[in-house]
Amino acid sequence: MDKLLIEGGAPLHGEVRISGAKNAALPLLAATLLTPGTHILHNVPDLRDTRTMLRVIETLGARWERQGATVRINTDTLSGAEAPYDLVKTMRASVLVLGPLLARAGFARVSLPGGCAIGARPIDYHLKGFERLGVEAHLAQGYVEARVPGRLQGGSMYFDAPSVTGTENLLMAAVCAQGQTLIQNAAREPEVGNLIDMLVNMGAQIEGKDTDTLVIRGVERLSAAETSVIPDRIETGTYMIAVAACGGKVLLRDCVPQHLVALSEKLRICGLVIEEEQDCMQVSCPEVGDRSLCALQSVDITTQPYPGFPTDLQAQFMALMTMGEDTAIIHETIFENRFMHVAELNRMGADITIEGSRAIVRGGGRDSISGAPVMATDLRASASLVIAGLAAQGCTEISRIYHLERGYENMAAKLQELGARIHRISE
Ligand code: EPU
């Protein structure tokens, strides 16, 4: 298994291009199943998760080819309606094929994803929503078997919590339903907006983009579409936090600064200088005296649905706070078990204790973290270990980096370009 070796302490300088968003690309790929034709998606990141989703839709009959970041997908014929356990267990987002399959084929059999490293993550909202559209669903041998007697019917639903993939699944089912569908307390994440844009390009009628109330008027027919995946706000935020941790000055190109307001606000309090333009951002860490980095002010965060502080940046921000001057309270409100990185950060010299859904991070200043062998436990936890390793004194060895490859395109190469001493080694 491959590992990452990081020799900490190098500031980051230069430019980095932000890739397309994993969590936007996945529902867009699933949406191509909705209607026959050749769909063209641009800016699709080449990641383990996007490759898995391409395998899922291929299993269902899609044919595709990739040229650079553009993927052409032909969905003229569907050869099945089943997403098998082997694929779903490696990527929960495979459940996103439920909505389009129900809309197009009237039937779907999708393995029920189990719990994962960050929490139980049920899909009950998805299933309750489908039922409101007339779907009959039951569980058999670990699979959700869902069927539509006749055509999908518009319906109303309210999510107890704004679920991102729940909203996306329901949108994809509702666009072809008979009549109107109302989704209240819908997720407002930019990735949902990207899907709405694609569905509207395909001929869907959807009102309420970027709000928590979506009204969908079902249409008889959709057509294939050409769409671009939005820039990855979590990748952008990860590099911003890395600069705050290591120092330096980096231009982040092809990103959407507006999608990162909650993080930028906190990083400015920490001491980072952020200059935003329409599609790029320059982040720099002020130096003081003999070129040593400015002290990092500790700041509390609470994760929330968009536009609040993203749970997908919580672990990376925690790595930064271990180097703060004071104590920071990190409150995780989205997932119940998203503190797996704490034990690993503590192995690197951090002082973090967990009290329920809060982590108390007692910052030890810029020099408090030292390199150590650590193990990645999930995607964003891995990114937090990379940030800690980049800023640490000495050498860090991160194992199980396949987690990282699920969601960060060429992370080691991009960081090397910025001057980081990071290398991938094969065992
Ligand atoms: N929830 C339920 N029942 C459901 C659906 C959700 O109880 O049927 C709960 C979840 O347990 C959680 C909350 O609702 O407490 C919100 O979960 P959500 O459904 O929004 O999460 P998701 O759609 O499964 C997506 C991202 C995650 C990201 C979350 C939150 C994709 C493919 N995944 O997951 O991304 O953390 O939204 O923003 O879009 C990652 O990229 O590392 C990642 C985990």
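The values are calculated or read from the model by the stated rules, or taken from the named source; none is laboratory data. Keep in mind the model is a prediction, meaning the values are calculated, not measured. Please note: Cβ atoms are built from the backbone with ideal geometry, for glycine as well, and neighbour counts cover all protein chains shown. Remember, those area values only see protein heavy atoms, side chains included, never the ligands or the DNA or RNA. Shrake-Rupley method; radii C 1.70, N 1.55, O 1.52, S 1.80 Å.
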Subset of region 66-82, residues of a type in the set (Gly, Ala, Ser) and in contact (Cβ under 8 Å) with a residue 40 or more places away in the chain, comes to Ala69
Subset of region 389-427 (residues that are assigned to a strand (DSSP E or B) and open to solvent by 50 Å² or more (accessible area, probe 1.4 Å)) = Gln393, Cys395, Glu397, Arg421, His423, Arg424, Ile425
Under 7 Å between Cβ atoms, at least 6 apart or on separate chains: pull out the pairs that start in region 83-96 with a residue that is part of a helix (DSSP H, G or I) and end on any residue that is surrounded by fewer than 23 Cβ atoms within 10 Å (Cβ to Cβ) and small (Gly, Ala, Ser).
-> Tyr85/Ser111; Tyr85/Gly142; Val88/Ser111
Exclusive hit being touching a residue at least 12 places away in the same chain (Cβ under 8 Å) and small (Gly, Ala, Ser), set Ala413, Ala372 | Ala372
Considering Ala295, Ala343, Ala350, which residue is at pLDDT below 95 and not in a strand (DSSP E or B)?
-> Ala295
What number goes with the only condition from (1) away from the ligand (no atom under 16 Å from the Cβ); (2) surrounded by fewer than 16 Cβ atoms within 10 Å (Cβ to Cβ); (3) within 18 Å of the chain's Cα centre (by Cα) that Asn43 does not pass?
-> (2)
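Look at region 37-65 and say how many of its residues are touching a residue at least 40 places away in the same chain (Cβ under 8 Å) and within 24 Å of Ser111 (Cα to Cα).
Qualifying residue count, region 37-65: 8.
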Tell me which of these Thr377 doesn't satisfy, since it passes every other one: (1) touching a residue at least 24 places away in the same chain (Cβ under 8 Å); (2) away from the ligand (no atom under 15 Å from the Cβ).
-> (2)
Could you tell me which numbered condition Ala108 fails, if it satisfies all but one of (1) at pLDDT below 95; (2) assigned to a strand (DSSP E or B); (3) open to solvent by less than 60 Å² (accessible area, probe 1.4 Å)?
-> (1)
Working carefully through the options Ala161, Ala108, Ala177, Ala83, find the one that is closer than 30 Å to Ala315 by Cβ and away from the ligand (no atom under 13 Å from the Cβ).
-> Ala83
The one condition Thr70 fails out of (1) in the same structural domain as Ile123 (by TED's automatic domain parsing); (2) open to solvent by less than 10 Å² (accessible area, probe 1.4 Å) is (2)
Selection status of Leu26, of a type in the set (A, V, I, L, M), in contact (Cβ under 8 Å) with a residue 24 or more places away in the chain and either assigned to a strand (DSSP E or B) or open to solvent by less than 10 Å² (accessible area, probe 1.4 Å) (or both) | yes
When every residue in region 130-158 that is surrounded by 16 or more Cβ atoms within 10 Å (Cβ to Cβ) and of a type in the set (Gly, Ala, Ser) is compared, the one farthest from the ligand (Cβ to nearest atom) is Gly154
